[in-house]
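The values are calculated or read from the model by the stated rules, or taken from the named source; none is laboratory data. Since this is a predicted model, take the numbers as computed values, not measurements. Please note: Cβ atoms are built from the backbone with ideal geometry, for glycine as well, and neighbour counts cover all protein chains shown.
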Amino acid sequence: MAILAVSLSPLACYADSMTDTVKTGASDSMHAATNEVTDTAITTQVKAALAAKPGMSSMAISVTTENGVVHLEGKVKSTGQIKDAVEMAKKVHVVKSVDSSKLVVKQ
């Protein structure tokens, strides 16, 4: 009777490597989804803050967020409104920075 010995080590290593790949892919997807949810929440909070400010032209200001950076765009009545909009956006939790380069005073 002959005994056949087979090593499963290469298969185990391959399985470990595949598991790490799947974990990394899942982690990347979860991170992207978390960023998207966070960006959406930031945008919503900034829009709510602008709408709650008396005299603020909140409908004239477009708010988008990408990776924690808030982008304000539109035409407002004064430079004071630009300053206020930037300050309100900065107060929202987890905002990394505010880009107001496309927020201008209407002529």
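Quick notes on this structure:
- Subset tally (residues that are aliphatic (A, V, I, L, M) and modelled with pLDDT under 95) for region 93-107: 1
- If the condition is being aliphatic (A, V, I, L, M) and surrounded by fewer than 17 Cβ atoms within 10 Å (Cβ to Cβ), then region 41-68 contributes ALA41, ALA48, ALA51, ALA52, MET59, ALA60.
- Residue identified as under 12 Å from the mean Cα position of the chain (by Cα) and either under 13 Å from VAL95 (Cα atoms) or aromatic (Phe, Trp, Tyr) (or both) among VAL70, VAL63: VAL70
- Scan of region 66-88 for residues that are within 12 Å of LEU50 (Cβ to Cβ) and outside any helix (DSSP H, G or I), ordered by number: VAL70, LEU72, GLY74, VAL76
- Any chance MET88 is within 19 Å of the chain's Cα centre (by Cα), more than 13 Å from VAL104 (Cα to Cα), surrounded by 12 or more Cβ atoms within 10 Å (Cβ to Cβ) and of a type in the set (A, V, I, L, M): yes
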